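What follows is a short report on a single structure.
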Amino acid sequence: GDSVTQMEGPVTLSEEAFLTINCTYTATGYPSLFWYVQYPGEGLQLLLKATKADDKGSNKGFEATYRKETTSFHLEKGSVQVSDSAVYFCALRDNFGNEKLTFGTGTRLTIIP
Amino acid sequence: SAVISQKPSRDICQRGTSLTIQCQVDSQVTMMFWYRQQPGQSLTLIATANQGSEATYESGFVIDKFPISRPNLTFSTLTVSNMSPEDSSIYLCSVQPPNQPQHFGDGTRLSIL
């Protein structure tokens, strides 16, 4: 079945550091890929998405590229801010019509000033 | 994008009781989902709730424990029945508008004493 393997956390970085959170997946066919973010005490918000190979999703300075050859969708940001502290979830949706999301385990990111 | 209102936002319940969680959407959507997020864990899909049909439960979840109603295209409820401390989790509903990613409510934080 489908699965998402996400970089273990927690991750602690200084403000303005470069961020990478690794995500790889296993799926039949060609899934759509997502990064969701969960700020403290809140629900999940979609951060970015990519629906086909070589697509790059971007939002709020974050980027991730759908790499079919390595089955990866790593999240990157060039300069993190304290306000980026949150839990980040990588997820996939197969495109066979059931619309179910399969989530990774989540990575807790803490940015220190 | 769809706006989701989930109630209650949090509750503390006694062992053996039941709690019904409501999810209201500001637009008509066919597909709604209920997820559980156990402490420090990722999201696990409980069931898919489509209007006009019985909910479809994932492996490990049963209707007697998590009955779901979906009376119309803007509303759904999830009941957590005969609660035990192991049911302490965040419960989230999400919706799948046409041609859009899933949108999530803020969740219901449930603690069982």
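Quick notes
- Gyration tensor over alpha-carbon atoms, the protein assembly as shown, equivalent ellipsoid semi-axes in Å: 30, 21, 15
- Cβ-Cβ FRET estimate between residue B:62 and residue A:82, R0 fixed at 45 Å, reported to 0.05: 0.55
- Per-residue mean of C-beta atoms belonging to partner chains within 10 Å, peptide A:44-50: 3
- Charge dipole (debye, nearest 20) of chain B; +1 at Cβ of Lys and Arg, -1 at Cβ of Asp and Glu: 160 debye
- Stokes-Einstein D in µm²/s, Kirkwood radius over Cα pairs - chain A at 37 °C with 0.692 mPa s viscosity: 234 µm²/s
- Sites listed here are GluC sites (Glu not before Pro) in the stretch A:41-113 whose DSSP assignment is loop and whose Cβ has at most 11 other Cβ atoms within 10 Å: A:69.
- Take each residue in B:34-42, count the other chain C-beta atoms within 10 Å of its C-beta, and the mean is 3.
- By the rule of a C-alpha distance below 30 Å, with chain neighbours fewer than 8 residues away ignored, the lysines paired with residue B:7 are A:49, A:60, A:100, B:65.
- Sequence-separation-based contact order of chain B, relative, with Cα cut under 8 Å and 6+ spacing, percent: 37 percent
- Cut-off 13 Å, label 7 Å out along Cα→Cβ of residue B:12, residues of the stretch B:73-111 by amide N: B:110-111
- Distance-filtered residues of the stretch A:52-94 - backbone nitrogen under 13 Å, label point 7 angstrom along residue A:5 Cα→Cβ: A:70-73
- With a 10 Å cut-off around each Cβ of B:95-108, the average count of Cβ atoms from other chains is 4.
- For the stretch B:85-113 versus the stretch B:39-53, the inter-centroid distance based on Cα atoms is 8 Å.
- Estimated translational diffusion coefficient (Stokes-Einstein, Kirkwood radius over Cα pairs, 25 °C, 0.890 mPa s) of chain B: 176 µm² per second.
All of the numbers you see were taken from the coordinates with simple rules; none came from a lab. Remember, predicted model here, so these are calculated numbers, not experimental data. Quick reminder, even Gly has a Cβ in these numbers, built from the backbone with ideal geometry, and neighbours come from all protein chains shown.
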